[in-house]
Amino acid sequence: MNSTSFRTRFAPSPTGLLHLGNVRTALFNFLLARSRGGVFLLRIEDTDAMRGHERYEHALQEDLRWLGLAWDEGPQAGGTHGPYLQSQRGHVYAQYFALLLERGFAYRCFCTEHELEIERRSQLAAGRPPRYSGRCRLLTKDQVQERLAAGSSATLRFHVGTSAVVSFDDRARGRQLFRTEDIGDFVIRRSDGTPSFFFSNAIDDAIMGVTLVVRGEDHLTNTPRQILILQALNLPLPEYAHIALVVGADGSPLSKRTGSRSVQELREGGFLPLAINNYLARLGHTYDDNSFRPLDGLANTFSVDRLHRAPAHYDETQLLHWQKEAVLHAAEDELWQWMCAAAMPDGGRIEHLVPADLTGQFIQTVRENVMTPLDAYVWAGNLFAGSAYDDEAADVIDRAGKPFFRFALDCLRDDASDFKSFSGTLEVVTGTRGRSLFMPLRAALTGAVYDAKSRKVWPHGPALERLWSLLGPARIKRRLEEAARFAGTG
Ligand code: GLU
């Protein structure tokens, strides 16, 4: 198989926002295509005319773009297998419906919902699994014509047949066998003319040249039906890999309650795309090492052979770990954009706080202490907007006392160039060392102090040396003067 004939796809039904579970499917398909130099395509499965999809269709494309999961073929990108919206592919499906009817693989079913319900109930009452009896298959051509002429609406059912076995080698779960007698004739065209999922999804995979379908294991039992359709039409079968679903810590399906969030919520919460990608690429898939990787690094060794069978447990602490890594690895420009783009709760803007010539140094100083743009904004406020002390800092400053800060101002006058020599002198002059020396300084310079027991967003402040050179002598002097005034009131 040459590389561009390796084709994967993401085929979302735009019925809601993308969340971690379904975006992981998109990522796996994207990474597999990239790992093989193949094609990743996006197909929108919007066949159900009842639901209004446009908003979600738009949102999911935006989410995928934001995550960097660019599709090679699909809406906007184009390609030779379009249109890529199923709602625009009715003419394609019509040809295959006709072929199936012609070849005797499909028949019209006039059973009403009510009749089907009665049939289901009596089967259940007799201890049999509910399955369509195949009654309408026995109608003669004339009977069918009569009913159509009388205006009865009909679905189209696929004739499954009995006593055969459908088998396939699932790339994630191994060999699968399904007996056709357990399947029952199923609907491939609804009475309103729209195709059922089984049908349009299978047809499109085949004629769009998809070679590997990676999707959630909730679709596993659909696969034999889809294989039967493709075989009846002599269309090529893709390979399938059904991946275990993502579950919450308690093993239940991922939901709002178990911590699932939409991509949009994660973006608004300040997560970086590579944090999400690094996390999800390891949720049900293993790499040899746990180093942070850019997208092409994630793709290089991504392999269908490394997919897990067991359910993948969502773990918020892991996501936060990758967020921290993503912040540490991001380019300065990117981080600054990220900080500036976020809406802050008080409507303020970080670019109004950090002097333009200090943005690079600011980022270097606080990067290790920041998980979200809001953290960065709080730092910027603490460092550049003036001295609002938090309770702990106020207490530390108060206890250090006015003389401490007066001495600090004296030492600053003598030598402001470097924090080490400044603090060395202050130590000698005041006779204080270690925490008693550094905590009041940190409190004065940043308005906040590190306390291992506190539940602050940043557990460790940036090194004082770095803060020193970022703030510069004039700001340091001003902050020490403010602390001296404040300590006097305690
Ligand atoms: N539209 C289906 C879904 O969103 C696609 C399933 C598949 O990947 O085949 O569940």
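Which one of these does residue 236 not meet: (1) within 21 Å of residue 86 (Cα to Cα); (2) in a helix (DSSP H, G or I); (3) free of Cβ contacts under 8 Å to residues at least 40 places away in the same chain?
(2)
Quick one: count up the residues across segment 175-189 that are in contact with a helix residue (DSSP H, G or I) (Cβ under 8 Å, 6 or more places away or on another chain) and closer than 12 Å to residue 221 by Cβ.
Going through segment 175-189 one residue at a time, the tally reaches 4.
Would you mind telling me which numbered condition in (1) within 11 Å of the ligand (Cβ to nearest atom); (2) closer than 30 Å to residue 339 by Cβ residue 276 fails?
(1)
Would you confirm, using the coordinates I've provided, whether residue 360 is under 31 Å from the mean Cα position of the chain (by Cα) and in a loop (DSSP other than H, G, I, E, B)?
no
Give, as residue ranges, the helices (runs of 4 or more DSSP H) completely inside segment 293-352 that count at least 2 residues that are touching a Gly at 6+ places or on another chain (Cβ under 9 Å) and open to solvent by 40 Å² or more (accessible area, probe 1.4 Å).
On the way: elements: 295-300, 316-329, 332-341.
Because the criterion is at least 2 residues that are touching a Gly at 6+ places or on another chain (Cβ under 9 Å) and open to solvent by 40 Å² or more (accessible area, probe 1.4 Å), the helices (runs of 4 or more DSSP H) in segment 293-352 that meet it are 332-341.
Among the residues that make up segment 380-392, is at least one of them in a loop (DSSP other than H, G, I, E, B), surrounded by fewer than 19 Cβ atoms within 10 Å (Cβ to Cβ) and acidic (Asp, Glu)?
Yes; the residues of segment 380-392 include at least one that is in a loop (DSSP other than H, G, I, E, B), surrounded by fewer than 19 Cβ atoms within 10 Å (Cβ to Cβ) and acidic (Asp, Glu).
Taking segment 168-186 as the region of interest, how many residues are over 27 Å from residue 135 (Cα atoms) and either open to solvent by 40 Å² or more (accessible area, probe 1.4 Å) or acidic (Asp, Glu) (or both)? Write out each step before concluding.
The first filter runs over segment 168-186 and keeps only residues over 27 Å from residue 135 (Cα atoms), leaving 168-176.
Then drop every residue that is not either open to solvent by 40 Å² or more (accessible area, probe 1.4 Å) or acidic (Asp, Glu) (or both), which leaves 169-171, 173, 175.
Total satisfying the criteria: 5.
Just wondering, is there one or more residues in segment 66-80 that are touching a Lys or Arg at 6+ places or on another chain (Cβ under 8 Å) and of a type in the set (Gly, Ala, Ser)?
So far as segment 66-80 goes, yes, one or more of its residues are touching a Lys or Arg at 6+ places or on another chain (Cβ under 8 Å) and of a type in the set (Gly, Ala, Ser).
Counting only residues that are loosely packed, with under 14 Cβ neighbours inside 10 Å and in contact (Cβ under 8 Å) with a residue 40 or more places away in the chain, which one in segment 239-252 is farthest from the ligand (Cβ to nearest atom)?
First, the residues of segment 239-252 that are loosely packed, with under 14 Cβ neighbours inside 10 Å: 249-252.
After this cut, where a residue has to be in contact (Cβ under 8 Å) with a residue 40 or more places away in the chain as well, the list is 249, 251.
Numbers: 249: 24, 251: 22 Å.
Here the residue is 249.
Yes/no per residue for (1) modelled with pLDDT of 95 or more; (2) within 16 Å of the chain's Cα centre (by Cα):
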site	(1), (2)
246	no, yes
255	no, yes
258	no, yes
262	no, yes
269	no, yes
281	yes, yes
295	yes, yes
298	yes, yes
302	yes, no
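Scan segment 209-236 for residues that are within 12 Å of the ligand (Cβ to nearest atom) and among the hydroxyl-bearing types (Ser, Thr, Tyr) and report the count.
Residues meeting the conditions: 1.
The values are calculated or read from the model by the stated rules, or taken from the named source; none is laboratory data. Remember, predicted model here, so these are calculated numbers, not experimental data. All Cβ positions, glycine included, derive from the backbone under ideal geometry; neighbour counts span all protein chains shown. Accessible surface is based on the protein model in full, side chains and every heavy atom, while ligands, DNA and RNA are left aside. Shrake-Rupley method; radii C 1.70, N 1.55, O 1.52, S 1.80 Å.
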